[in-house]
Amino acid sequence: MVASTSKPTEEQISSEKMSTDSRNAKSDFRTKLKSSVYRRKCLKTLWLGFSFCALGFSVSQRGPAFLDIQIITQTDVESASFFFTAASVGYLIGSLTAGVVYDKLDKSMLLIMSLLGLSFTTIALPWCSPYALMIAIHFICSLFGGSVDTVGNAELVRIWGKEGEMAMQFLHFTFAFGGVISPLITMPFLTEEDSQSIETNASISTTSNGTSNSTGPALPLTTKVHYAFLISGSLMFLACVPLIVQWFTDSLRREKTK
């Protein structure tokens, strides 16, 4: 009597196929890593991810620090809301400008200069106590941020082309990760003052000649939020270092091949 053999089910076939594909993918990745060009692509993607983590950190920091920015500039919520407007306009203009000049300038250097600009303006932001200057620094800071965003995404597409799906996911994961940890790191440096108290203390009355005077008690004159912005700016500066090193090594390699 011949023993009957059961046929493999569709689930078993699918599972075996997925396992085989996974092994092939790992083997293919190891083979690609032997190529110096592929390794440079992976390194560049890693440094871009570091840059986007710093960018996400910077973008998410201004919301939690809003009340401290009010303290620095001695403004109420209505007046301070223009800081976000200036930042949004700056980000838009920075993105558009970077898109226009991307093909006309050294791409890596454009990203490095944008990151350096974002780093220095982020550190300077909490020291700009005049109202107009605070609006200007929000605009300039976001101008560089929009440039980093645009150039980083464009660089990833240029490096990987149609193979960049996973790399793009990684890039935006790092941006989100920076945005998540930013409030947690910023929180210890925030002034412990509720929003109602700050808004009441910063109430503004307009006199007959058009000037504004504070009518409530003085807001706290000190805040430690500049330490949080120093951390953010330093993180962006650190993100520049590997990009600068890779830019120099790539330049030397091109010189040798001439």
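The values are calculated or read from the model by the stated rules, or taken from the named source; none is laboratory data. Keep in mind it's a predicted model, so treat the numbers as computed, not measured. Here Cβ is always computed from backbone atoms with ideal geometry, including for glycine, and neighbour counts include all displayed protein chains. Side chains included, ligands, DNA and RNA excluded: accessible areas come from the protein's heavy atoms. Shrake-Rupley method; radii C 1.70, N 1.55, O 1.52, S 1.80 Å.
Tabulated results
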read-out: In the range 122-158, residue farthest from residue 78 (Cα to Cα) [restricted to those that are surrounded by fewer than 22 Cβ atoms within 10 Å (Cβ to Cβ) and hydroxyl-bearing (Ser, Thr, Tyr)]; value: 129
read-out: Members of the range 128-157 found to be within 21 Å of residue 240 (Cβ to Cβ), touching a residue at least 40 places away in the same chain (Cβ under 8 Å) and not small (Gly, Ala, Ser), listed by number; value: 140, 141, 143, 144, 148, 149, 150, 151, 155, 156
read-out: Selected residue (only one of 119, 95, 147, 108 is of a type in the set (Ser, Thr, Tyr) and modelled with pLDDT under 95); value: 108
read-out: From 30, 23, residue being at pLDDT below 90, closer than 30 Å to residue 245 by Cα, in a helix (DSSP H, G or I) and basic (Lys, Arg); value: 30
read-out: Residue, nearest to residue 240 (Cα to Cα), within the range 57-79, restricted to residues that are surrounded by fewer than 23 Cβ atoms within 10 Å (Cβ to Cβ) and touching a Gly at 6+ places or on another chain (Cβ under 8 Å); value: 59
read-out: All positions within the range 101-121 that are in contact with a Leu (Cβ under 8 Å, 6 or more places away or on another chain), open to solvent by 20 Å² or more (accessible area, probe 1.4 Å) and among the hydrophobic types (A, V, I, L, M, F, W, C); value: 101
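One line per residue, one yes/no per condition, for (1) touching a helix residue (DSSP H, G or I) at 6+ places or on another chain (Cβ under 6 Å); (2) at pLDDT below 50; (3) β-branched (Val, Ile, Thr); (4) open to solvent by less than 40 Å² (accessible area, probe 1.4 Å):
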site	(1), (2), (3), (4)
184	no, no, no, no
198	yes, yes, yes, yes
218	no, yes, no, no
223	yes, no, yes, yes
230	yes, no, no, no
236	yes, no, no, yes
